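What follows is one structure encoded as structure tokens, with my remarks underneath.
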Amino acid sequence: MRDNKQLTRHTGVVAATLASLLLAACSAGSTADGGGTGKSGKTDDALKIGLNAEPANLDITKTAGAAIPQALLYNVYENLVKVDQSGKIQPQLAKSWSLSKDRKTYTFQLVKDAKFSSGAPFTAEDAKFSIERVKSDWTIAQKAQMDVVDTVQAVSPTELKVTLKEPSNDWLYRMTTRVGVMFSRTGVSKLATEPVGTGPYVVKKWNRGDSITLARRDGYWGSEPHFASVTLKYFKDPTAMNNALLTGTINVIGTMQTPDSLDRFANNSTYKVIEGTTNGEVLLSLNNGSGPLKNLKARQAVRYAIDHKALLDTCWAGRGKLIGSMVPPTDPWYQDLTNQYPYDRDKAKKLLKESGVAGSTLRLRIPTLPYATACGTVVKSQLEQAGFKVTLDQLEFPAAWLSTVFKNADYDMSIIGHLEPRDMQTVFGDKSYYTHYDNPEFRALLKKADKGTQEEQITAMRQAARLLSKDAAADWLFLLPNLMVADKDITGLPVDNVSESLDLTGLGRS
């Protein structure tokens, strides 16, 4: 992967004739200008960001996937704590906190003047309600991250005490993610369409199939963001997203989905290119619970059959990182496990023959996401060269893929980017999750890591990742890079994307 740095290169601008053709092909709105300053001193500047995956709804408590927290976390919703661009935990609605000597009780001191967008004040009772509601009402897999909580007490309007069943290295970090969102006790009846949070933005408009517009709200308790409105515009066609930036329809490509065209922007002084890393492991998901890939040797054969470097070069222009496990380099327990299953077609053929399922057809069912469709044909070809029989079909994302693969596990293989931070436990620690990986030794290592010292946590997590790889529970195709392109005057874009949130609060215009 290229060095994590912001690249701004200079050559000529796009020809006017090309721009006019692109403008004719792309009708996704008007150019966002620099904006002005109103009588109150606030800027009325607007920003438009292109993204590739629109949420199915806005209920962060019942709908899986990365799209909802990407749009709402830290923008509409806030947490007691958040992670900054370096991955460090920082105060948000909690101005400070302490941990008892037995490492089981957290005491949070909350900010005094925060209010929800409904006008209701944020208090420790809302924080208590929010934490307890994860356990009682949430339905997504991440709700298990709150199982370690024993009791929650609102000591006063500005003091919250959370007691855990046992020490947990992981719990405070999880409070920076979607499960740590703070809700109003009177604001959860319409979460799918009308989220109510303490953040600096509200959802102003949602044009389904097109865009979500966030508006800066009056009365926000913290520092007001620069942009008065931010429109998140969704594109199924990555080329259309590129064209939208070239014609001024959007100001930022939030997730570049055609990395082979990145140099086109890097060589244009009108734009800046951001290239860094993410938490997004692109999995060749394997169904460990049923079908041919319940067989260990068949899964091992799949892993040996994949030439990861050739795949990365072919389907993602060589941008990204080969990792071999469910741990990105930004996590403390990262280790390079790419050599556990080096590309070896002959060994793949041998294992497939020994597995007893060589005559079975594997169904590779992928979502209609650019990285999945680009890599799907490469995976199919490489597996077929190793003797596998493979069918490939595309499922509309999010609805069809979530229903068919994620919910009903009607698949043998899929390709999906898991973008949540520190998600090894979520994806493989619950045997009912769509991968259906079931190894008690693995779960015991996760538990040991959570309860132990920080040194013991790192050791146990590394052991867990190595075991997961050895079991060929999935194949890790590559780690998604953070590729963003923006108008050159947009500031505050993250080099590394290590959070679930596309945090808009620090963005500005020079």
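Residues in the range 359-379 that are in a helix (DSSP H, G or I) and open to solvent by 50 Å² or more (accessible area, probe 1.4 Å): how many? Step through it out loud before you land on a result.
First, the residues of the range 359-379 that are in a helix (DSSP H, G or I): 370-379.
Next cut, open to solvent by 50 Å² or more (accessible area, probe 1.4 Å) only: 377.
Of the residues in that region, 1 qualify.
A Cβ distance below 6 Å, combined with a sequence gap of six or more or placement on separate chains, defines the contacts here; from the range 57-78, residues that are over 17 Å from Val188 (Cα atoms) reach residues that are of a type in the set (S, T, N, Q) in the pairs Tyr74/Ser501.
Restricting Ala24, Ala32, Ala64, Ala53 to residues that are aliphatic (A, V, I, L, M), open to solvent by 30 Å² or more (accessible area, probe 1.4 Å) and modelled with pLDDT under 95 narrows the list to Ala24.
Pairs meeting the criteria (first residue in the range 339-359 and in the same structural domain as Ala472 (by the TED database), second residue at pLDDT 95 or above and open to solvent by 90 Å² or more (accessible area, probe 1.4 Å), beta carbons under 8 Å, at least 6 apart or on different chains) are Gln340/Arg466; Gln340/Lys470; Tyr343/Lys309; Gly359/Lys389.
Checked against (1) under 26 Å from the mean Cα position of the chain (by Cα); (2) open to solvent by less than 60 Å² (accessible area, probe 1.4 Å); (3) modelled with pLDDT of 95 or more, Glu132 passes all but a single condition, namely (2).
Pull up the range 214-231, narrow it to residues that are of a type outside the set (A, V, I, L, M, F, W, C) and part of a strand (DSSP E or B), then point me to the one that is nearest to the chain's Cα centre (by Cα). Lay out the reasoning, then the answer.
Keep residues of the range 214-231 that are of a type outside the set (A, V, I, L, M, F, W, C), which gives 216-220, 222-226, 229, 231.
Next, from what is left, pick out any that are part of a strand (DSSP E or B): 216, 229, 231.
Numbers: Arg216: 24, Ser229: 23, Thr231: 19 Å.
Per the criteria, the residue is Thr231.
If the condition is being farther than 22 Å from Asp344 by Cβ and out of contact with any Pro (no Cβ under 8 Å at 6 or more places or on another chain), then the range 289-325 contributes Gly289, Ser290, Gly291, Lys294.
Going residue by residue through the range 181-188, is there one that turns out to be in a helix (DSSP H, G or I), within 19 Å of Ile60 (Cβ to Cβ), open to solvent by less than 70 Å² (accessible area, probe 1.4 Å) and in the same structural domain as Ala215 (by the TED database)?
Looking through the range 181-188, none of the residues is in a helix (DSSP H, G or I), within 19 Å of Ile60 (Cβ to Cβ), open to solvent by less than 70 Å² (accessible area, probe 1.4 Å) and in the same structural domain as Ala215 (by the TED database).
For the range 262-281, which positions are over 28 Å from Ser325 (Cβ atoms) and out of contact with any helix residue (DSSP H, G or I) (no Cβ under 6 Å at 6 or more places or on another chain)? Explain how you work it out, then say what you get.
Initial filter on the range 262-281 (over 28 Å from Ser325 (Cβ atoms)): 263-273.
Residues satisfying the conditions are Asp263, Arg264, Phe265, Ala266, Asn267, Asn268, Ser269, Thr270, Lys272.
Contact annotation: residue pairs with Cβ atoms under 6 Å, 6 or more positions apart or on different chains, pairing a residue in the range 455-477 that is over 17 Å from Ile306 (Cα atoms) with a partner that is among the hydroxyl-bearing types (Ser, Thr, Tyr) and open to solvent by less than 80 Å² (accessible area, probe 1.4 Å), are Ala465/Ser325. All conditions but one from (1) touching a strand residue (DSSP E or B) at 6+ places or on another chain (Cβ under 9 Å); (2) on the phi < 0 side of the Ramachandran plot; (3) in a loop (DSSP other than H, G, I, E, B); (4) not hydrophobic (A, V, I, L, M, F, W, C) apply to Asp102; the one that does not is (1). Report yes if Lys143 is at pLDDT 95 or above, surrounded by fewer than 21 Cβ atoms within 10 Å (Cβ to Cβ), farther than 24 Å from Ile49 by Cα and within 22 Å of the chain's Cα centre (by Cα), otherwise no. So Lys143 passes the test.
Would you check if Lys143 is over 21 Å from Thr505 (Cβ atoms), outside any loop (DSSP other than H, G, I, E, B) and basic (Lys, Arg)? Here the answer is yes, as Lys143 does meet what is asked.
Table: residues versus (1) open to solvent by 50 Å² or more (accessible area, probe 1.4 Å); (2) not assigned by the TED database to the domain that holds Asp263.
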residue: Thr459; (1), (2): yes, yes
residue: Arg462; (1), (2): yes, yes
residue: Ala465; (1), (2): no, yes
residue: Lys470; (1), (2): yes, yes
residue: Pro494; (1), (2): no, no
residue: Ser499; (1), (2): no, no
residue: Leu502; (1), (2): no, no
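Inspect the range 435-453 for any residue being touching a Lys or Arg at 6+ places or on another chain (Cβ under 6 Å), open to solvent by less than 50 Å² (accessible area, probe 1.4 Å) and within 26 Å of Ser290 (Cβ to Cβ) and give the result as yes or no. So far as the range 435-453 goes, no, none of its residues is touching a Lys or Arg at 6+ places or on another chain (Cβ under 6 Å), open to solvent by less than 50 Å² (accessible area, probe 1.4 Å) and within 26 Å of Ser290 (Cβ to Cβ).
Name the residues in the range 146-167 that are assigned to a loop (DSSP other than H, G, I, E, B) and more than 23 Å from the chain's Cα centre (by Cα), would you?
If we filter the range 146-167 for residues that are assigned to a loop (DSSP other than H, G, I, E, B), which is where we start, we get 147-148, 157-158, 165-167.
Passing the criteria: Val148, Pro157, Thr158, Lys165, Glu166, Pro167.
Each residue in the range 293-325 was checked for being in a loop (DSSP other than H, G, I, E, B) and in contact with a Phe, Trp or Tyr (Cβ under 7 Å, 6 or more places away or on another chain), and 8 of them qualify.
The values are calculated or read from the model by the stated rules, or taken from the named source; none is laboratory data. Note that the structure is predicted; figures quoted are calculated from it, not measured. All Cβ positions, even for glycine, are placed from backbone atoms using ideal geometry, and neighbour counts span all protein chains on display. Accessible surface areas use protein heavy atoms only, side chains included; no ligands, DNA or RNA. Shrake-Rupley method; radii C 1.70, N 1.55, O 1.52, S 1.80 Å.
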